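Enquirer: I have a structure here, written as structure tokens, and I will follow up with some questions on it.
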Amino acid sequence: MFSTADTIVAIATPPGRGALGVVRLSGPDASRIARELIGRATPLVSRRATFARLSVPSPSAQSATPRAMTDLGDEVVVTAFPAPRSSTGEDCVEISAHGSPVVLAGILRAAVGAGARLAEPGEFSLRAFLNGKRDLVQVEAVADLVDAVTPLQARAAFDQLQGTLTQAIVAIEAQLFDVMARLEASLDFPDEGYHFIAEDALGAALADLLAKVDALLSDASRGRLVREGALVTLVGAPNVGKSSLFNALVQANRAIVTPVPGTTRDLLTERVDLSGLSVSLVDTAGLRPTDDLVEQEGVRRAEGSLTVSDLVLAVLDRSRPLTDDDRRMLESTARRRRVVVVNKIDLDPAWDVTSVETASTPVEISVRSGHGLDALIERVGAELSGTPDWREQTRITNVRHVHLLEQARASFDHARRAVLESNGQLPEEFVLADLQDAHAHLQEITGRRTSEDLLRHIFARFCIGK
Ligand SMILES: Nc1nc2c(ncn2[C@@H]2O[C@H](COP(=O)(O)OP(=O)(O)OP(=O)(O)O)[C@@H](O)[C@H]2O)c(=O)[nH]1
Ligand SMILES: [Mg+2]
């Protein structure tokens, strides 16, 4: 996987037909191969789009048929990006053809015939990383940007691509490096008995490093939520309007809505962008004791979904008196992360919302009039992220990064405790060892220290052509 001596080729655009399709070549022979495909003798002009006619042999061309008859042709635009100013840091050529799968496959085949090798998933990004064009955080951000399904996800990924996380980590590293250098100097000249860093200065430096790591980690849960989304389940007694709310939030007439209690029997799941958060929303059967076998199974599934979800929307109907089913539902969801939703406020109230004891204020809505739905979406975001500012910039979203930062934090904490408990006998060697550990974890985030296994794991989730 890690050979970079050869020239790789892949279709960079999604499978299927389209107005345009792009084939990308990277490696020492990229230019020569591209010129063979368009029958050009002179070198391609660097970074200039060149119109050309493509002629590649069709796969079905038999020696009996005159070749020209079955050749695949197209009008293409070829652009060469010589090393090192290219996305991979190697010689790259992009061929924009019309988005015909037959033509694109023909270009691939012809490129392989001319000496290129089909790229593995993520191999272009891997080369960019190995050639120092991007660090690991940035190549992971490219993958996240491509995979983003909400604008907020795309923005968080783009920020990381621009280096927000990398800069934060580089700043921590620079400070850490200074402390490590002083400790090393103290250890190198033990006879003089001179300490290049005083105990209290060391304690303060470590406290500062910890604070910086904590600041990064503090938006990690929000970042993870932005990147990975959440599971939100609608529960409630029959007929309170769960399916109506589900339809309103997914903005489609997905679930059956009727005045008959017990309409929904099965779980219904839809992915929805709730103000930037990617939420898998689940509609469930109304919770009530029943002899109906089908409904029993529906209730069982509803309870199952409730236990695995990140947030529960506990729906009540204000237009009819609360029932035992409502109370049981409130009871069974009380210890979960939940928002109590009071529906049908367009009708006359049958009970007072303040009479129900809930940890946080219920959100009053009417699905029929649309009243309160925006407020509900805000609450879902705030409740899931634990902050009303969940749209703020998130510097860290990836679990791998969070995990490594937590390890770095543990090493800093260990070092600081050793300093605090030293009583004038500073264990410089141990503190230095802890700081070296922390440094190693930080370097693993940006990829300055990586194992082949880790790289294999990261790039395996990329698609071909990336
Ligand atoms: N007036 C009024 N009626 C509503 C509102 N929301 C839902 N309804 C009505 O309430 C009835 C039940 O709605 P559903 O969405 O099917 O309720 P549900 O909770 O999914 O019911 P089950 O699937 O049986 O558990 C339907 O007749 C809806 O039109 C609302 O905000 N105002
Ligand atoms: Mg329903």
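The values are calculated or read from the model by the stated rules, or taken from the named source; none is laboratory data. Small disclaimer: the values here were computed from a predicted structure and weren't measured. Virtual Cβ from ideal backbone geometry, glycine too; neighbours counted across all protein chains shown. Note: accessible area is taken over every heavy atom of the protein model, side chains too, but ligands, DNA and RNA are not part of it. Shrake-Rupley method; radii C 1.70, N 1.55, O 1.52, S 1.80 Å.
Enquirer: Have a look at the DSSP beta bridges in the chain and tell me what percent are antiparallel, nearest 5. Walk me through the intermediate numbers first.
Expert: Details: 31 of 51 bridges.
Among the beta bridges of the chain, antiparallel pairing accounts for roughly 60 percent.
Enquirer: Roughly how many whole Å is it from the C-alpha centroid of the stretch 227-285 to that of the stretch 76-132?
Expert: With the stretch 227-285 and the stretch 76-132 each reduced to a Cα centre, they are spaced 44 Å.
Enquirer: Please give the net charge around residue 84, taking every other residue with its beta carbon less than 15 angstrom from that of residue 84, where Lys and Arg add +1 and Asp and Glu add -1. Before the final figure, lay out each step's value.
Expert: Working: positive: 47, 85, 127, 133, 134; negative: 90, 91.
It works out to a net charge of +3.
Enquirer: How high is the relative contact order of the chain, in percent, with contacts defined as C-alpha pairs under 8 Å that are six or more residues apart?
Expert: On the way: 843 pairs, mean separation 74.6, N = 466.
In percent, rounded to a whole number, it is 16.
Enquirer: For the full complex of protein chains and a 1.4 angstrom probe, list 95, 345 by accessible area with the highest value first. Display every interim value, and only then the final one.
Expert: Numbers: 95 0, 345 40 Å².
Reading off the accessible areas and sorting them downward yields 345, 95.
Enquirer: In square angstrom, rounded to the nearest 10, how much accessible surface does residue 13 have for a 1.4 Å probe?
Expert: Here the residue's solvent-accessible area equals roughly 40 Å².
Enquirer: Normalised by the residues of the stretch 362-466, what does the relative contact order come to in percent, with Cα pairs under 8 Å and at least six apart?
Expert: After rounding, I find 18 percent.
Enquirer: Next up: Pop out the ³J(HN,Hα) list for the stretch 437-453 in order, Karplus 6.51 cos²θ - 1.76 cosθ + 1.60 with θ = phi - 60°, rounded to Hz; leave Gly and Pro as x.
Expert: Working through the residues one at a time gives 4, 4, 4, 4, 5, 5, 5, 5, 5, 7, x, 6, 10, 9, 9, 5, 4 Hz.
Enquirer: Roll a 1.4 Å probe over the protein heavy atoms and report the accessible area of residue 108 in Å², nearest 10.
Expert: 30 Å²
Enquirer: Right, next: Classify the chain from the C-alpha gyration tensor, please: rounded if a/c falls under 1.5, else prolate or oblate depending on whether a/b exceeds b/c. List each step's numbers first, then the result.
Expert: Numbers: a/c = 3.10, a/b = 1.18, b/c = 2.62.
The shape class here is oblate.
Enquirer: Here's a follow-up. Ratio of alpha-carbon Rg to the 2.2 N^0.38 Å globular estimate for the stretch 382-466, to two decimals, please. Walk me through the numbers on the way to the answer.
Expert: Numbers: Rg = 17.9 Å, N = 85, 2.2 N^0.38 = 11.9 Å.
Against the empirical 2.2 N^0.38 Å value, I get 1.50 for the stretch 382-466.
Enquirer: Let me ask something else. Is it possible to state the helix-based mean residue ellipticity at 222 nm for the chain, with each DSSP H run of 4+ residues giving -39500 (n - 2.57), the sum divided by total residues, to the nearest 500 deg cm²/dmol? What is it? Write down the numbers at each step before the final one.
Expert: On the way: 16 runs with 209 residues, N = 466.
Per the formula, -14000 deg cm²/dmol.
Enquirer: Oh, and also: Got a number for the accessible area of residue 387? Probe 1.4 Å, square angstrom, nearest 10.
Expert: 30 Å²
Enquirer: With a sphere of radius 12 Å drawn around the Cβ of residue 220, what net charge do the other residues whose Cβ falls strictly inside it have (Lys, Arg +1; Asp, Glu -1)? Provide the component values of the computation, followed by the final result.
Expert: Working: positive: 222, 224, 227, 395, 400, 409; negative: 214, 219, 228, 406.
Every neighbour counted, the sum reads +2.
Enquirer: Output wanted: per-residue J couplings in Hz (rounded whole) for the stretch 387-392, from phi through Karplus 6.51 cos²θ - 1.76 cosθ + 1.60, θ = phi - 60°, x for Gly and Pro.
Expert: 8, x, 9, 6, 8, 4
Enquirer: Return the long-range amide H neighbours of residue 342 (sequence gap of 5 or more, or a different chain), with a cut-off of under 5 Å between placed amide H atoms.
Expert: 316, 363, 364, 365
Enquirer: Rg over Rh of the stretch 90-170, using C-alpha atoms and the Kirkwood radius, what does it come to? Don't skip to the answer; put the middle values down first.
Expert: Details: Rg = 16.1 Å, Rh = 14.9 Å.
When Rh is taken as the Kirkwood radius, the ratio is 1.08.
Enquirer: Under the classification rounded if a/c is under 1.5, otherwise prolate if a/b is larger than b/c and oblate if not, where does the stretch 9-152 fall, given a ≥ b ≥ c as square roots of the Cα gyration tensor eigenvalues?
Expert: prolate
Enquirer: Would you work out what percent of the accessible area of the chain, with all protein chains in place, is carbon or sulfur (probe 1.4 Å)?
Expert: Numbers: 11810 of 22460 Å².
C and S fraction of accessible area: 53 percent.
Enquirer: How much accessible area per residue does the chain have, in Å², with a 1.4 Å probe?
Expert: Value returned for the chain: 48 Å² of accessible area per residue.
Enquirer: Could you pull out every one of the lysines with an alpha carbon less than 29 Å from that of residue 466, ignoring same-chain neighbours closer than 8 positions?
Expert: In chain and number order, the partners are 133.
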